[in-house]
């Protein structure tokens, strides 16, 4: 089977009552145990291999709806309370983000291009920022710093050659 290429492929993949294993083609209610026992891979490895976003549920629609109904019933009956949510929210805030998929990044890039206000917010070449510092130098530093965080030091080296004193502040 082939990796997914866009959000529509993900939506189509998740739309059935059962979910198909992209490794062997079997239709199952859930994939977690199947992946580990039959293919020796974790759900994270499966998502990575087939380019599925981290938030993609690996269960069919019918199973997810049954679990949702069960949880709502337990909450209604008072079996499950929400006292733990404060801790869960704090853990979620510090958990970090999963790796974004190529099609997500491409869609985001297109949205930015369509954003008509982007050019209005960008200072023209040769401008000064509100604090009086050079906007071009700061923009150059930002690009170099972002590249450095991703593991590419070349832009930062060029920046430091051009501006030996370092940061623009």
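All of the numbers you see were taken from the coordinates with simple rules; none came from a lab. Since the structure is predicted, the reported quantities are computational estimates derived from the model, not experimental observations. Ideal geometry is used to build each Cβ from the backbone, glycine not excepted, and the neighbour counts take in all protein chains shown.
Below 8 Å, C-alpha to C-alpha, sequence gap of six or more: please give me the relative contact order for the chain in percent.
16 percent
Using every pair of alpha-carbon atoms in the stretch 89-161, split the distances into 10 Å bins beginning at 0 and state the percent of pairs per bin, rounded to integers.
Result returned by the calculation: 15, 26, 40, 18, 1.
Give me 146, 47, 139 ranked fewest to most by other Cβ atoms within 10 Å of their Cβ, as a rough exposure proxy.
Starting with the residue having the fewest Cβ neighbours, the order is 146, 139, 47.
Counting pairs of alpha carbon atoms under 8 Å apart in space and at least six apart in sequence, what relative contact order in percent does the stretch 7-81 give?
33 percent
Which values, in whole Å and largest first, are the semi-axes of the equivalent ellipsoid of the stretch 7-81 obtained as the square root of 5 times each eigenvalue of the Cα gyration tensor?
The answer is 25, 14, 12 Å, longest axis first.
Expressed in nm to one decimal, what extension gain is obtained for the pair residue 27 and residue 87 from 0.36 nm per residue of sequence separation less their Cα-Cα distance?
Residue separation times 0.36 nm, minus the Cα-Cα distance, leaves 17.9 nm.
Before rounding to the nearest 500, sum -39500 (n - 2.57) across all DSSP H runs of length at least 4 in the chain and divide by the residue total; then give [θ] at 222 nm in deg cm²/dmol.
Helix contribution divided over all residues of the chain: -14000 deg cm²/dmol.
Hey, rough spin-label estimate for residue 136 and residue 123, points 7 angstrom out along Cα→Cβ, what's it come to in nanometres?
Between residue 136 and residue 123, the simple spin-label model gives 1.2 nm.
Given R₀ = 25 Å, FRET efficiency for residue 36-residue 67 by Cβ-Cβ distance, to 0.05?
0.80
State the Cα centre-to-centre distance between the stretch 7-83 and the stretch 93-169 in whole Å.
The distance from the Cα centre of the stretch 7-83 to that of the stretch 93-169 comes to 37 Å.
Once R0 is set to 22 Å, what does the formula 1/(1 + (r/R0)^6) return for the Cβ-Cβ distance between residue 15 and residue 97, expressed as a FRET efficiency to the nearest 0.05?
The value I calculate is 0.30.
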